[in-house]
1. Does residue 127 satisfy being surrounded by fewer than 19 Cβ atoms within 10 Å (Cβ to Cβ) and closer than 27 Å to residue 57 by Cα?
2. Against the condition surrounded by 19 or more Cβ atoms within 10 Å (Cβ to Cβ) and under 19 Å from residue 374 (Cα atoms), how does residue 318 come out, does it pass?
3. Of all residues in segment 251-266, which are surrounded by 19 or more Cβ atoms within 10 Å (Cβ to Cβ) and not in a strand (DSSP E or B)?
4. Exactly one condition in (1) in a loop (DSSP other than H, G, I, E, B); (2) within 30 Å of residue 218 (Cβ to Cβ); (3) assigned by TED's automatic domain parsing to the domain that holds residue 7 is not met by residue 118; state its number.
5. State the number of residues belonging to segment 144-155 that are in contact with a helix residue (DSSP H, G or I) (Cβ under 7 Å, 6 or more places away or on another chain) and either farther than 21 Å from residue 204 by Cβ or in a loop (DSSP other than H, G, I, E, B) (or both).
6. Restricting to segment 1-46, give me the number of residues that are in contact (Cβ under 8 Å) with a residue 24 or more places away in the chain, part of a loop (DSSP other than H, G, I, E, B) and touching a strand residue (DSSP E or B) at 6+ places or on another chain (Cβ under 9 Å).
7. Can you name every residue in segment 261-300 that is free of Cβ contacts under 8 Å to residues at least 24 places away in the same chain and either closer than 15 Å to residue 347 by Cα or within 29 Å of the chain's Cα centre (by Cα) (or both)?
């Protein structure tokens, strides 16, 4: 017996690491998982040259071995095998799986050709609740820029201090910021730390760590980060994600957030979203939706018009302070932002036809959304 492992544990590990693999015709080995036996475990690794994922599976081993095999094929095969122990052997670049009533051979590639994954120095780090981290990223990630004109806007910006974390994304037309607090001050942070994480790596953090039962750690270096989770009630790593960081300086986004608003509106979130979705049916090619705030009658109107289809107007009551105003937004951007807000009532702060709109939950100030108006055509 060379390697003995539970099918369930191996399947879970492969599902974790295969997330970043695809059909790479230039470097076929990037479609493979690297397997290496270690003391009491089998280490799995994949990389797309920007992000790498490690996962350790508890296993019985009798010697050190390594191989790389196609990860999708390996994972698909395990889906059909009985849920019991699997014996693995490595012979002449072939992975042999055997169990009761089956034996399978998978041709592999030379493990020496697998890309070298850089090691991260574990000097500065924070310990964080994985649910807070993944929820925070989820609230802002859809607002990253999708073009490479300004690469620093294509990722998620993180700003760590001793007490809290700010997670920010913007495409220059809208901006979202989520703040969450550490349960205990992070003494390992000597000063504020910030970085820009590629959007794809941020999505993998959501997918991999959103169900972690223990706290996770994030380790910093100037060019890379390491996110690490552990086996239950231990400091032994179970899963690691390593990612390069985006070079460049994130804009001083705090200058965009209005300190105060000329018009303040409190409105029922569910009703506002419903009317906004209905009004969007009549929006023109510019995706325009107009908001008209009536301070006298304490109401807000949602108006759209399409010369080819027709027009519509919805009115709903609101608590209003300040000046009456009318403003035009891209309805898709407005919908996406309001949909990320938690709570029953939303705050909308407006600053005339040309000023940015500030949208947040009345009950939860940890998330805010800034949206620039558009000129109606």
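The values are calculated or read from the model by the stated rules, or taken from the named source; none is laboratory data. This is a predicted model, so every value here is computed, not measured. Please note: Cβ atoms are built from the backbone with ideal geometry, for glycine as well, and neighbour counts cover all protein chains shown.
1. Values: surrounded by fewer than 19 Cβ atoms within 10 Å (Cβ to Cβ): yes; closer than 27 Å to residue 57 by Cα: yes.
It is true that residue 127 is surrounded by fewer than 19 Cβ atoms within 10 Å (Cβ to Cβ) and closer than 27 Å to residue 57 by Cα.
2. Values: surrounded by 19 or more Cβ atoms within 10 Å (Cβ to Cβ): yes; under 19 Å from residue 374 (Cα atoms): no.
Taking the combined requirement at face value, the residue does not satisfy it.
3. From segment 251-266, those surrounded by 19 or more Cβ atoms within 10 Å (Cβ to Cβ) are 261, 263, 265; that's our starting set.
Within segment 251-266, 261 is the sole residue that qualifies.
4. Only one criterion is unmet by residue 118, namely (3).
5. Step one: list which residues in segment 144-155 are in contact with a helix residue (DSSP H, G or I) (Cβ under 7 Å, 6 or more places away or on another chain), which gives 144-145, 154-155.
After this cut, where a residue has to be either farther than 21 Å from residue 204 by Cβ or in a loop (DSSP other than H, G, I, E, B) (or both) as well, the list is 144-145, 154.
Number satisfying all stated conditions: 3.
6. Total meeting the criteria: 3.
7. The first filter runs over segment 261-300 and keeps only residues free of Cβ contacts under 8 Å to residues at least 24 places away in the same chain, leaving 274, 285, 297-299.
274, 298, 299 - these are the residues of segment 261-300 that are free of Cβ contacts under 8 Å to residues at least 24 places away in the same chain and either closer than 15 Å to residue 347 by Cα or within 29 Å of the chain's Cα centre (by Cα) (or both).
Listed here are the residues, each with its yes/no results for (1) closer than 27 Å to residue 144 by Cα; (2) out of contact with any strand residue (DSSP E or B) (no Cβ under 8 Å at 6 or more places or on another chain).
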site: 287; (1), (2): yes, no
site: 324; (1), (2): no, no
site: 355; (1), (2): yes, yes
site: 375; (1), (2): yes, no
